[in-house]
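Shown next, in structure tokens, is the structure this report addresses.
The values are calculated or read from the model by the stated rules, or taken from the named source; none is laboratory data. A quick note: this is a predicted structure, and the numbers were derived from the prediction, not measured. All Cβ positions, glycine included, derive from the backbone under ideal geometry; neighbour counts span all protein chains shown. These accessible areas exclude ligands, DNA and RNA; they are computed on the full protein's heavy atoms, side chains included. Shrake-Rupley method; radii C 1.70, N 1.55, O 1.52, S 1.80 Å.
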Amino acid sequence: MTRPADRAMIFLGLGGLAFFGCFVDAAWLRAAAVDDDAQRLQMVAQLRLTDLALFTEARYTRHPSQADLHSAFQDHPLAIEHFPTGSLIGPPAGLQKVGAGEMKYPAAGTAP
Amino acid sequence: MKLWIEKQRYLIDFTLASLARRKARNIGLLLVYTLLVFMLASVTLYTHALRQEAARVLVASPEVVVQRMVAGRHDLIPPGYMEKIGRIRGVQTRTARLWGYYYDAVTKANYTFMVPAEDAPAKGEIVVGPALERSRGLAANNGISFRSYSGKLHTFIVAAVLPQATELVSADLVLMSEESFRAFFDYPVGHYTDIALTVANPQEVKNVALKLSAALPDARPILRDEVLRTYAAIFDWREGIVLALFSAAILAFGILAWEKASGLSAEEKREIGILKAIGWETGDVIKMKFWEGMLISLTAFLVGFVAAYVHVFHFAASMFEPVLKGWAVLYPHFQLTPHIDGVQVATLFFFTVFPYAAAVLVPIWKAAITDPDSVMRG
Amino acid sequence: MIELSGIRKAFNQGRDNEYWALDGIDLRIAANQVTALRGPSGSGKTTLLTIVGCLSRPTEGRVRLKGGDISGLPERFLTEIRRQRFGFIFQQFNLIKGLTALDNIILPGYPTGRPRHELLARAEELLVGLKLGHRRDAKVEWLSGGEQQRVAICRALINDPELVIADEPTANLDSHLAGEFMGILESLAGQGRTILLTSHDPLVVESNVVQNVVDMRDGKLIQHR
Ligand SMILES: Nc1ncnc2c1ncn2[C@@H]1O[C@H](COP(=O)(O)OP(=O)(O)O)[C@@H](O)[C@H]1O
Ligand SMILES: [Mg+2]
């Protein structure tokens, strides 16, 4: 006969096992992904890519790090570009440094 | 020890029985609690893994990208410009890049057209990213036409599709030969989009950038470290937005849990009196309540976390993708490699398990140290 | 078995509504006998029971258990005495709702850590002894008043106490059930247990199961028979 307490403890024990199982699974998936990682790295190196392909909605956001200060207000092929990503991604940090002397263009007011 | 275990089993039995008495209410609470942990854990697991992925993938990207600015705007690299960089010490290789964006009205998405520096496809052929394969139904040897910005229709043959494994960086790519690229965009001969520099010694990167700015006052060097930092900031920021959206839910749950856990009903107070009168020690009552808090909060944490892990790393975080990835038209399909930050998990554990356990214990303390003689009176 | 000397008990001491519920009680409760406290409502019977049963402490005076002074002991020891030596049958029965009869009965055994099968066997034996075996798995709120009281009696006996304390045990029962209770009381007395109860029910105090009757009024003893 199992008591409620024992059942609860078994349940929590299984939960704990599953919890640690997540870490084991993570390690396993990482090991399994080594090849894919290498492929990605190789492609980035070969094509000299600078960004992830996460944002493709507006033309300046695919390479946010390469966008210039005013891209956010440039024309969209169909309309004025005014996209959610534009409000999320400011210019790269390097652009926002003022006073270093080497920056010849104005600091942006478009930063989030 | 055996006695201790037996006692704890009794206390757990009792606390389970009393939880079972308000079944609907407690199960509801547990569900909400679990859901909350699930959401919080999903967000933190996902953003951490994505941040890690960006950091790991982009280590292979060029240390410095040089853009030319004209009147404060990004402009093409004119012929002869690259030669001026040549003599900066520390620069290992320099490559002029040719790339641009193309808006495809069919899928309403922007593709990245690019000319690989090495192994470029033959004239008239293209290599496409996996997202194009999906959205335009392309496969090797298919033909596809794009209308260029000048209005002319250009037809290409798909030579190959980039491997699915690289989708995170290659989803929207269209690789072509330099000749095709220049013809398609009417790109002026001898001009380039920007210049990628590799610098062997990481300590030199800052110097190279300074020297570049001195030698070419109209150049804008973009450092890889800055890009990485910006990416980290973007994901932090997005995580922040999602957490801010959740904060209302967290607060609501906090109030609910506090109310439920800390507000001791007259019925519960009476029961504590009875237990003490029939020989339970104050410590037994507190331990019993401690188990109640632990059972609920541990269950919520374990179930919520494991579900979040499966959701993020086996179901590609399907619930949060839109918010976290951005508004991507060409949605990259990729399976994140799980990188779990132990400190984050510990923080999550601490902030989800302990407040609840404490909320359960505090009022009990007060009730449990009072005299039990009240049970003798009606 | 228990000796009380100079017991006084104040409620709300030091405030405007200070009230002395017990005012100088000297009493010996004989071992292996049935003693009844009799008196009108408000005379302090329940209060005296809580002091004898270590549920509360006297404001003044001493309580001795088998010669040892227990009035100054810390809470933990009083709890242990309650658990090991006393069994309580409350006027309102005070069963825990939502639990079965069996689960209620074994509750006082939890802190002892006795193996569950032992406790269950003992509870079963007690239930059967009180002709309630068929109700063992019923939730207590489904039981009738008389059944509830018998469950409460079983619970009082689970740790095999020397002293059984019962407050107004027949107050919530009809005459028939009260008669049955007296039968149970007789058998408990027959097992050699010391019993202390309060009542103003003639059926109880005038029965010959009760050997000693102590009359109370206004927190004082008026007669010792
Ligand atoms: N917690 C309390 N606070 C104030 N007065 C109390 C308290 N408990 C009992 N009393 C008072 O003490 C007196 C004796 O009560 P009690 O012992 O219950 O009498 P009995 O059981 O003989 O009816 C009553 O007048 C009652 O109002
Ligand atoms: Mg009374």
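Details
- Counting all C-alpha pairs of the range C:2-224, share separated by more than 28 Å (%): 30
- Separation between Cα centres of the range B:89-162 and the range C:168-225, rounded to whole Å: 100
- Estimated from helices alone, the mean residue ellipticity of the protein assembly as shown at 222 nm is -15000 deg cm²/dmol (sum of -39500 (n - 2.57) over DSSP H runs with n ≥ 4, per residue).
- Electrostatic dipole magnitude of the range B:168-217 [Cβ: Lys, Arg +1; Asp, Glu -1; Cα centre; debye, to 20]: 300
- Computed FRET value (nearest 0.05) for B:His314 with B:Asp218, which takes r as the C-beta separation and R₀ as 45 Å: 0.35
- Within the range C:98-225, DSSP assigns beta bridges of which about 50% are antiparallel (rounded to the nearest 5).
- Of all beta bridges that DSSP places with both ends in the protein assembly as shown, some 70 percent have antiparallel geometry.
- Highest GNM mean-square fluctuation among B:Leu348, B:Leu173, B:Leu153, for chain B modelled with Cα contacts below 10 Å: B:Leu153.
- Compared with the dominant Cα axis of chain B, that is its longest principal axis, helix B:224-262 is turned about 20°.
- The range C:1-90: Rg to Rh, with Rh as the Kirkwood radius over Cα pairs: 0.96
- Farthest toward positive dipole pole in the protein assembly as shown [+1 Lys/Arg, -1 Asp/Glu at C-beta], among C:Ser5, B:Leu31, B:Leu16: C:Ser5
- Of all aspartates and glutamates in the structure, the ones whose alpha carbon falls short of 14 Å from that of B:Lys269, not counting any fewer than 8 places away in one chain, are B:Asp371, B:Asp373.
- Around the Cα centre of the range B:94-217, unit charges on the Cβ atoms of Lys, Arg, Asp and Glu (plus for the first two, minus for the last two) sum to a dipole of about 280 debye.
- Carbon and sulfur %, accessible surface of the protein assembly as shown computed with the full protein complex present, 1.4 Å: 59
- Degrees, to the nearest 10: B:342-368 long Cα axis against longest axis of chain B: 20
- Coordinate range along principal axes, alpha carbons of the range B:64-223, Å, largest first: 48, 35, 27
- Listed by chain and number, the lysines whose alpha-carbon sits under 18 Å from that of B:Lys123, ignoring those within fewer than 8 places in the same chain, are B:Lys152.
- Proximal aspartates and glutamates to C:Lys139, defined as alpha-carbon separation beneath 15 angstrom and excluding residues fewer than eight positions away on the same chain: C:Asp103, C:Glu147
- Between B:Trp99, B:Ala165, B:Pro116, the Cα set farthest toward the positive side of the dipole of the range B:64-223 (charges on each charged residue's Cβ, about the Cα centre) is that of B:Trp99.
- Peptides B:55-63, B:163-171, C:170-178, B:144-152 ordered by average Cβ neighbours within 10 Å, highest first: B:163-171, B:55-63, C:170-178, B:144-152
- The range B:133-231 - percent relative contact order, Cα under 8 Å, separation 6 or more: 15
- Considering only beta bridges that DSSP places wholly inside the range C:2-224, some 55 percent are antiparallel.
- Take each residue of peptide B:294-307, count the partner chain Cβ atoms within 10 Å of its Cβ, and average: the result is 3.
- Gaussian network model of chain C, Cα within-10 Å springs - most flexible of C:Asp137, C:Asp16, C:Asp201: C:Asp16
- Between chain A and chain B, roughly 7000 Å² of accessible surface gets buried, counting both sides and using a 1.4 Å probe.
- Semi-axis lengths, Å, the protein assembly as shown, gyration tensor of Cα atoms, sqrt of 5 times eigenvalues: 84, 25, 19
- Distant-in-sequence amide H partners of C:Leu37 (H built 1.01 Å from N, under 5 Å): C:Leu197, C:Thr198, C:Ser199, C:Val214
- Å² of accessible area per residue within the protein assembly as shown, as computed with a 1.4 Å probe and no ligands counted: 43
- Cα gyration tensor, the range B:143-199 - rounded (a/c under 1.5), prolate or oblate: oblate
- Cβ neighbours within 10 Å from other chains - mean over C:49-57: 4
- Per residue, the convex hull around the alpha carbon atoms of chain B comes to 206 Å³.
- Principal-axis tilt of helix B:282-313 within chain B, Cα atoms, nearest 10 degrees: 20
- Alpha-carbon centroid distance for the pair the range B:180-246 / the range B:252-299, whole angstrom: 58
- Using C-alpha pairs below 8 Å separated by at least 6 residues, the relative contact order for chain C is 30 percent.
- Radius 12 Å from Cβ of B:Leu58, net charge of other residues (Lys, Arg +1; Asp, Glu -1): +1
- Counting only other chain Cβ atoms within 10 Å of each residue's Cβ, the peptide B:160-172 averages 5.
- P(r) tail for the range B:77-140: Cα pairs beyond 16 Å make up 63% of the total.
- Amide H partners (placed H, <5 Å) of B:Leu162, local residues excluded: B:Val128, B:Gly129
- Dipole-positive endmost among B:Ala131, B:Ile274, B:Met82 within chain B (Cβ charges, Cα centre): B:Ile274
- Placing +1 on the Cβ of every Lys and Arg and -1 on the Cβ of every Asp and Glu, with no other charges, gives the protein assembly as shown a dipole of roughly 680 debye about its Cα centre.
- Overall form of the range B:1-119 per C-alpha gyration tensor (a/c, 1.5; a/b vs b/c): prolate
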